[in-house]
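S.K.: Pasting a structure here, questions to come.
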Amino acid sequence: MSVASTAVPVPTGVAVSPIRRSFGYLVVAATVFLIWWGAQVKSYEAGLSVPDWPMSYGGWWPTSPSGELPGNVFWEHLHRTIAAGVGLLTLILAVWTTRQERRDRGWVAKLALWCLAVVVVQGLLGGLTVKLLLPPAVSISHATLAQTFLCLVGWLAYTQSREWLAGEPRARTEETPRQRTARRAAQWATGAVFVQLILGACVRHFEAGLAVPFFPISPAGELVPAFVDGRVVLHLMHRGFAFVVATLVIRAALLGARRWPHMAGHALLLCGLVVLQIFLGATVVWFAKAATTTSVHVATGAVLLLGCWLLVLRGWRAARTGIDGARP
Amino acid sequence: MLNRTLLSATLLLGVACAESAANDTEVVTTAVAAVTTGEPAAATSAPANTAAPTSRGAVTGTVSFRGTAAPRTKVDLSADDFCVHHNGEAGLEETSAVRTEGGGLADVFIQLTDGVPDKKYDAPDAPVILDQVGCTYAPHVFGVLKKQDIEIRNSDETLHNIHPTPDKNKEFNLAMPNKGDVRTKDFRKAEDAIPFKCDVHPWMKAFCFVMEHPYFAVTGADGKFSLDTSGLADGEYGVKAWHEVLGEKQGKVTIADGKATYDLAFEG
């Protein structure tokens, strides 16, 4: 595909070692895994299976006499362990990034410190969920902050990517109206996915996942059950807003692929993810909140959010630097 | 004092028997009988219509089940080796189900309602024992008076947490990691059917009734119950029966000379 560049990329002059770059990607992957594991904790209702915090049954490794992590302790204690691991990785990444970036890219160093601050707050929120016996407001905040942290650490990792370092916006290239439209479409999609994830967390923590026990319609052909209460309304909001999200994500993906051809694969992936996510949402109902599908639904939502957020960043970056031939 | 001694003995006997699922009847009924004989009407001025100061008898009866009970499913214990080995090949059947034996319905909580003198009933000194044994609760349904101690025991060589989720009382979640651990708690407000659960072993469920008065009982495996009428005058009383799956039923019973027979049936 032949495309005209709007500006000549100017290399940033910042060097990021492949190890640090890979380390950033590792933190992102570990965070996605942690979100999936956290979803498993909720799916198995294991959140209070370890009543104390930060210790677990008064120690660091609460095994039964046979040496195993019994029952739901497996999910909850390993969630804490993996979370501690992600916290440690984030600390290392923050220190590493701050030391190497504070001169040339002070804002990247600050971003790394924000990641560290958020992961600490997230850990404390996790502790509060245990201490306060899972009040929905705290649990929903914990779930939402996890997604926010993923976006932040994904952003940090992107600033260390080859694509980001290939150019910087010294040329003061202005976005064209069409580029701006594409970027704003990505922003709308990101915002919508974020709202949908909050709604999803509300559905989970207010136990509304099966408030409407059929999908898409009941055997009698109804879209809405005969009895409607707050949980049904919440469930239907999540279900209905999914189609708003799908529309916005697909629109953003199509506009992005058209304006920035080097992001066509990314855009296609988003389209696939949003379709998969709706299908997974249906399976949650069809299989009565089976742990596996429900947790994958949560994790896919997180990946979709990260994908949309990266589309915003990449679009902004492409337009500002003229990298890879953004279309005017 | 004699009452308390008997109470302790029967409770301990009940707990010892709890390791055998076939003996659930004894566990439940002895625990309840103990509660109902524990100083029911002490130290308060009795209203004019409450007379009898000593035990004269009991309301006895059978709660039966009409219909076809769904087969009790086996619990998947594989998440904890101890639970697997302890229960052996027989495994463990779902406790939150219709348990019926010879037509009798187990784990029905019976309480007197209308007509019971409205006064303060002191909680017995002796606690009600809730044991975690074989990765299940014994008893499955039990009653206590307000402020009466619940002694929670862990008889298993695995860790449990004990987590009631009341509406009116204070929720708590306690770690009980070792065999032999004992914790004591009470509830301050009357409340029906407080669910107890173990978040480690999600199949473990029990229900606690926090009562204003001691006139209650729980049916055994054969559906039979015996409710001590000490302190009650003869007359007509309301009765409420609760089953966790089948719901509630209400009726009336007339106590004469301290005794009455009351049978009822749940349909499924």
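The values are calculated or read from the model by the stated rules, or taken from the named source; none is laboratory data. Nothing here was measured: the structure is a model prediction, and the numbers come from that model. Because the Cβ atoms are built from the backbone with ideal geometry, glycine has one as well, and the counts that use them run over all protein chains shown. Side chains included, ligands, DNA and RNA excluded: accessible areas come from the protein's heavy atoms. Shrake-Rupley method; radii C 1.70, N 1.55, O 1.52, S 1.80 Å.
S.K.: Within 10 Å of each candidate Cβ there may be at most 11 other Cβ atoms; applying that plus a DSSP loop requirement, which trypsin sites (Lys or Arg not before Pro) in the stretch A:43-122 survive?
M.R.: Working: sites: A:R80, A:R99, A:R102, A:R103, A:R105, A:K110; in loops: A:R102, A:R103, A:R105.
Counting only loop positions with at most 11 other Cβ atoms within 10 Å, the trypsin sites (Lys or Arg not before Pro) in the stretch A:43-122 are A:R103.
S.K.: A further question on this structure: Using protein chains only and a probe of 1.4 angstrom, how many square angstrom of A:F227 are accessible, to the nearest 10?
M.R.: In the full protein context, A:F227 sits at about 150 Å².
S.K.: With all protein chains present and a 1.4 Å probe, how do A:H262, B:H140 order by accessible area, largest first? Provide the component values of the computation, followed by the final result.
M.R.: Details: A:H262 50, B:H140 15 Å².
My answer, sorted largest first, is A:H262, B:H140.
S.K.: Net charge around A:V296, counting only other residues with Cβ within less than 15 Å of its Cβ (Lys, Arg = +1; Asp, Glu = -1)? Don't skip to the end; give the middle numbers.
M.R.: Working: positive: A:K42, A:R204, A:K289; negative: none.
After counting each charged neighbour, the total is +3.
S.K.: Accessible area per residue of the stretch A:45-102 at 1.4 Å probe, in Å²? Walk me through the numbers on the way to the answer.
M.R.: On the way: 2540 Å² over 58 residues.
Per residue, the stretch A:45-102 has an accessible area of 44 Å².
S.K.: Going through the stretch A:43-74, which chymotrypsin sites (Phe, Trp or Tyr not before Pro) have at most 15 other Cβ atoms within 10 Å and a DSSP loop state? Intermediate values should be presented prior to the final figure.
M.R.: Values: sites: A:Y44, A:Y57, A:W60, A:F74; in loops: A:Y44, A:Y57, A:W60.
Those that pass, being in a loop and sparsely packed, are A:W60.
S.K.: Determine the percent antiparallel among the DSSP beta bridges restricted to the protein assembly as shown, to the nearest 5.
M.R.: Taking every DSSP beta bridge within the protein assembly as shown, about 75 percent pair in antiparallel fashion.
S.K.: Give me the accessible area buried between chains A and B, both sides summed, with a 1.4 Å probe, in Å² rounded to the nearest 100.
M.R.: Chain pair A/B: roughly 1300 Å² of buried accessible area.
S.K.: Please give the Cα centre distance for the stretch A:55-119 versus the stretch A:133-157, rounded to the nearest Å.
M.R.: 14 Å
S.K.: Next up: Send over a whole-number figure in Å² for the accessible area per residue of the stretch B:106-235, probe 1.4 Å. Walk me through the numbers on the way to the answer.
M.R.: Numbers: 4030 Å² over 130 residues.
Here the residues of the stretch B:106-235 average 31 Å² of exposed surface.
S.K.: Additional query: Treating the protein assembly as shown as a set of equal point scatterers at the Cα positions, no solvent, please give the Debye-formula log₁₀ I(q)/I(0) at q = 0.08 Å⁻¹.
M.R.: Ignoring solvent entirely, the Cα scatterers give -0.69.
S.K.: Show the residues, 5+ positions off or on another chain, whose built amide H is closer than 5 Å to the amide H of B:A265.
M.R.: Those qualifying (amide H under 5 Å, at least 5 residues apart or on another chain) are B:S64.
S.K.: For A:R20, what is the net charge nearby, where nearby means another residue's Cβ is under 15 Å from its Cβ and Lys, Arg count +1, Asp, Glu -1? It would help to have the intermediate numbers written out before the result.
M.R.: On the way: positive: A:R21, A:R99, A:R102, A:R105, A:R162; negative: A:E101, A:D104.
Value of the local net charge: +3.
S.K.: Moving to a separate point now. With every protein chain left in place, what is the accessible area of A:L88 in Å² (1.4 Å probe, nearest 10)?
M.R.: The accessible area of A:L88 comes to roughly 100 Å².
S.K.: So what are the ³J(HN,Hα) numbers for the stretch B:195-206, from phi and the Karplus equation (6.51, -1.76, 1.60; θ = phi - 60°), rounded to whole Hz, Gly and Pro as x?
M.R.: Listing the rounded values in order: x, 10, 9, 10, 6, 6, 10, x, 7, 7, 9, 8 Hz.
S.K.: Mean residue ellipticity at 222 nm from the helices of chain A, using -39,500 (n - 2.57) per DSSP H segment of n ≥ 4 over the full residue count, to the nearest 500 deg cm²/dmol?
M.R.: Values: 9 runs with 221 residues, N = 328.
The helix-only estimate for chain A comes to -24000 deg cm²/dmol at 222 nm.
S.K.: Fully extended, how many nm does the chain gain between A:R102 and A:R178 (0.36 nm per residue separation, minus their Cα-Cα distance)?
M.R.: Values: separation 76, 0.36 × 76 = 27.36 nm, distance 3.47 nm.
Length gained, A:R102 through A:R178: 23.9 nm.
S.K.: Another one. Please name whichever of B:S226, A:T300, A:G322 sits farthest to the positive end of the charge dipole of the protein assembly as shown, dipole taken about the Cα centre and charges placed at Cβ: Lys and Arg +1, Asp and Glu -1.
M.R.: A:G322
S.K.: With only alpha-carbon atoms in the gyration tensor, what are the semi-axes of the equivalent ellipsoid for the stretch A:212-265, in Å, largest first?
M.R.: Values: eigenvalues 248, 26, 9 Å².
They are 35, 11, 7 Å, listed from largest to smallest.
S.K.: Average partner chain C-beta neighbours within 10 Å, per residue of A:130-139?
M.R.: Numbers: counts 1, 1, 1, 5, 3, 0, 0, 0, 0, 0.
Rounded to a whole number, the mean comes out at 1.
S.K.: Next question, about the same structure. For the stretch B:66-142, what does the alpha-carbon gyration tensor say about shape, rounded, prolate or oblate, given a ≥ b ≥ c as the root eigenvalues, a/c under 1.5 as rounded, and a/b over b/c as prolate?
M.R.: Values: a/c = 4.03, a/b = 1.56, b/c = 2.58.
It is oblate, given that a/c is not under 1.5 and a/b is not larger than b/c.
S.K.: Quick one: Karplus J couplings for the stretch B:123-134, per residue in order, coefficients 6.51, -1.76, 1.60, θ = phi - 60°, nearest Hz, x for Gly and Pro?
M.R.: 6, x, 5, 6, x, 8, 9, 10, 10, 9, 9, x
S.K.: Go through the stretch B:58-65 residue by residue and turn each phi into a ³J(HN,Hα) via Karplus (6.51, -1.76, 1.60, θ = phi - 60°); whole Hz please, and just put x for glycine and proline.
M.R.: Karplus-based 3J(HN,Hα) across the stretch B:58-65 equals 7, 8, 10, x, 9, 9, 10, 10 Hz.
S.K.: Ignoring ligands, DNA and RNA, what percent of the accessible area of the protein assembly as shown is carbon or sulfur (1.4 Å)?
M.R.: Details: 16120 of 26120 Å².
In the protein assembly as shown, the share of accessible area belonging to carbon and sulfur is 62 percent.
S.K.: Another question, then. Any residues in the stretch A:71-85 that have 20 Å² or more less accessible area with all protein chains than in their chain alone, probe 1.4 Å, and which are they?
M.R.: A:G71, A:N72
S.K.: Separation of the stretch A:184-251 and the stretch B:203-246 by C-alpha centroid, Å?
M.R.: Centre-to-centre distance over Cα atoms comes out at 44 Å.
S.K.: Name the residues of the stretch A:14-58 whose accessible area falls by at least 10 Å² when all protein chains are present instead of the chain alone, probe 1.4 Å?
M.R.: Buried by the other chains: A:E45, A:L48, A:S49, A:P51, A:Y57.
S.K.: For a quick check of understanding: with a 1.4 angstrom probe and all protein chains in place, what accessible area in square angstrom does A:V95 have, to the nearest ten?
M.R.: 80 Å²
S.K.: Grab the other residues whose beta carbon is less than 14 angstrom from that of A:W75, score K and R as +1, D and E as -1, and report the net.
M.R.: Numbers: positive: A:K42, A:R80; negative: A:E45, A:E68, A:E76, B:D80, B:D199.
Around A:W75, the surrounding residues sum to -3.
S.K.: Where the only charges are on Cβ atoms (+1 Lys, Arg; -1 Asp, Glu), what is the dipole of the stretch A:78-204 about its Cα centre, to the nearest 20 debye?
M.R.: On the way: 15 positive and 6 negative charges, 26 e Å.
Using Cβ point charges on Lys, Arg, Asp and Glu, the stretch A:78-204 gives about 120 debye.
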